[in-house]
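The values are calculated or read from the model by the stated rules, or taken from the named source; none is laboratory data. Model, not experiment: these values are computed from the prediction. Note: ideal-geometry Cβ built from the backbone for every residue, glycine included; neighbour counts use all protein chains shown.
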Amino acid sequence: MATFDAIFLGGGPAGYVGAIRAAQLGLNVGVIEREGLGGTCVLWGCIPAKALLEASSIANRVKHAAEFGVMVGEVKTDYGVAMKRSRDVSSKNSKGVEFLFKKNKITWIKGTGTLGSGKTVKVTGADGKTETHTATKAVVISTGSRVKGLPQAGLELNKTTVISSDEALILERAPQAIAIVGAGAVGCEFADVFNAFGSKVTLIEAMPQILPLEDADSGVEVARSFKKRGIEVMAGAKLTSAKVGKTSVKLTIEAGGSKHELDVDIVLVAAGRAANIEQIGLKEAGVALTDRGFIKINERMETSAKGIYAIGDVAGPPMLAHKGEREGMIVAEVIAGHKFHPLNYGNIPNATYCHPEVASIGMTEAQVKEKKIDYKVGKFPFSANGRARTSGETEGFVKIIRDSKYGEILGAHIVGAHATELIHELAVARENEFTVEEIELAIHAHPTLSEAIAEATLDSMGRMIHA
């Protein structure tokens, strides 16, 4: 039995960042984690998936190399090689977190934790042995989330023909034909990857557009790009039956007023995640949940139980690594007795790394209309941007939604190359309450993709120059 100032239950982005910040503030910290450090993001999500998307990008770029005067032979792809590289990248990132723990004198307690009385946590190791640890100041729940199947549609995950993104990350080869159910960020990213590696991809989404959480214009633009590359996109689709076999799956889908029969080798279910709240002693500890099954917290990350906090996916949407990291930093400040800056949940960027990339911050145009705000839209296409033309990446646009009266940036949406990097100019602008005029006054270097942001702000003021 050991005593710590703070114990974090889970070593994903929320937990490990919170632990590091708490250690920086002088606290003695323990982190309970049964798998490698880094959580889903590092081991089974963000990092390995983006490594595969980088491979996808290279494959697609090389196919057009001759247009740039670079002659190559026949382009061949090997998903197994790309997969192994992605696992290596993931492992290195996890080891990097281990190094940071040692550097900050954080104790990694390997095992599965359950809340006990007071601020104690019982840990069960892989060998079945148990030990109990005590926190003098706080226990922080950062157990994250897991992928969900679709048993109601006959798609129970079996890890062979019906898989999640976890299994997709360790396939030895790309399937000949794959159906991806769910066209959010994960679904669109894997559609991009498997298409680049030669699979016949069908992307199925129940909502009227793919990327349903994004602005409608963004979903339309990505669907257009995907169709050009041979990805079959079925939005507004209803999965009516699924016959799962040992080597294939037969789906029946209703879309566009007609019925479709689809035979595929694999179905990848990308229809959301569930919080890891089971068997960690929440009820016994008096930790209350929301109606949606997340842990209820206040702006200080406190739960309904004194001395117990919650951060990351388990504390509710958006279920994003960077949101969890910021919550981790806040909870560390709170536990250490420091002042903290409350998290602005309305200013968390979204990023989807398919090609073209999609990024956004703030409200969609539909949400602005719903709130009955008087607004104007500025939009600039990358096809009119000099830097995009030089790189041959002219798909997409920058869209700025501004308040009509004051020029406040209500929302920003980017589709195109490096959109997930470009969005941060607008994140900084919104966090500091800059107007569209103030963004435009900042000189943007030429030729850069960032000029499209300046042009979109100009367009919102009726003054666009280059289109």
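Considering every residue within segment 274-281, establish whether at least one is of a type outside the set (Gly, Ala, Ser), surrounded by 15 or more Cβ atoms within 10 Å (Cβ to Cβ) and not in a loop (DSSP other than H, G, I, E, B). Checking segment 274-281: not a single residue is of a type outside the set (Gly, Ala, Ser), surrounded by 15 or more Cβ atoms within 10 Å (Cβ to Cβ) and not in a loop (DSSP other than H, G, I, E, B).
Take the residues of segment 246-266 that are in a strand (DSSP E or B) and under 28 Å from the mean Cα position of the chain (by Cα): which is surrounded by the fewest Cβ atoms within 10 Å (Cβ to Cβ)?
This residue is Ala255.
Just so you know, in segment 120-154 the residues that are of a type in the set (A, V, I, L, M) and under 23 Å from the mean Cα position of the chain (by Cα) include one that is nearest to Ala23 (Cα to Cα), and it is Val140.
For segment 370-412, the set of residues classified as in contact (Cβ under 8 Å) with a residue 12 or more places away in the chain, closer than 30 Å to Ala65 by Cβ and of a type in the set (Lys, Arg) consists of Arg387 only.
Only one entry of Leu211, Leu203, Leu239, Leu157 meets the criterion of being at pLDDT 95 or above and farther than 15 Å from Pro356 by Cα, and that entry is Leu203. Residues that are hydrophobic (A, V, I, L, M, F, W, C), free of Cβ contacts under 8 Å to residues at least 24 places away in the same chain and under 15 Å from Thr143 (Cβ atoms) occur at least once in segment 272-292.
Is at least one residue of segment 306-318 within 19 Å of Ala185 (Cβ to Cβ), of a type in the set (Asp, Glu) and outside the structural domain of Gly411 (by TED's automatic domain parsing)? Yes, the conditions are met somewhere in segment 306-318. Out of everything in segment 129-159 that is of a type in the set (D, E, K, R) and under 24 Å from Lys283 (Cβ atoms), what residue ends up being surrounded by the fewest Cβ atoms within 10 Å (Cβ to Cβ)? Looking at residues that are of a type in the set (D, E, K, R) and under 24 Å from Lys283 (Cβ atoms), I get Glu131. Can you tell which of Glu54, Glu35 is under 22 Å from Gly125 (Cα atoms), among the charged types (D, E, K, R) and under 25 Å from the mean Cα position of the chain (by Cα)? Sole residue among the options that is under 22 Å from Gly125 (Cα atoms), among the charged types (D, E, K, R) and under 25 Å from the mean Cα position of the chain (by Cα): Glu35. Name the helices (runs of 4 or more DSSP H) wholly within segment 157-245 that hold at least 1 residues that are of a type in the set (A, V, I, L, M, F, W, C) and more than 30 Å from Lys399 (Cα to Cα)? Filter on segment 157-245 gives 165-168.
Please indicate, with yes or no, whether at least one residue in segment 169-180 is surrounded by fewer than 20 Cβ atoms within 10 Å (Cβ to Cβ) and among the small types (Gly, Ala, Ser). There is at least one residue in segment 169-180 that is surrounded by fewer than 20 Cβ atoms within 10 Å (Cβ to Cβ) and among the small types (Gly, Ala, Ser). Looking across Lys84, Lys76, Lys110, one residue alone is among the charged types (D, E, K, R) and farther than 30 Å from Ala177 by Cβ. It is Lys110. Say whether the condition of being of a type in the set (Val, Ile, Thr) and surrounded by 24 or more Cβ atoms within 10 Å (Cβ to Cβ) is met by at least one residue in segment 43-59. For segment 43-59, residues of a type in the set (Val, Ile, Thr) and surrounded by 24 or more Cβ atoms within 10 Å (Cβ to Cβ): absent. Just one of the numbered conditions (1) over 22 Å from Pro447 (Cβ atoms); (2) surrounded by fewer than 23 Cβ atoms within 10 Å (Cβ to Cβ) is not true of Gly386: (1). Tally the residues that are under 26 Å from Ala185 (Cβ atoms) and in a loop (DSSP other than H, G, I, E, B), restricting the search to segment 410-447. Going through segment 410-447 one residue at a time, the tally reaches 2. Exactly one residue out of Ala242, Ala216 is in contact (Cβ under 8 Å) with a residue 24 or more places away in the chain and more than 23 Å from the chain's Cα centre (by Cα), and it is Ala242.
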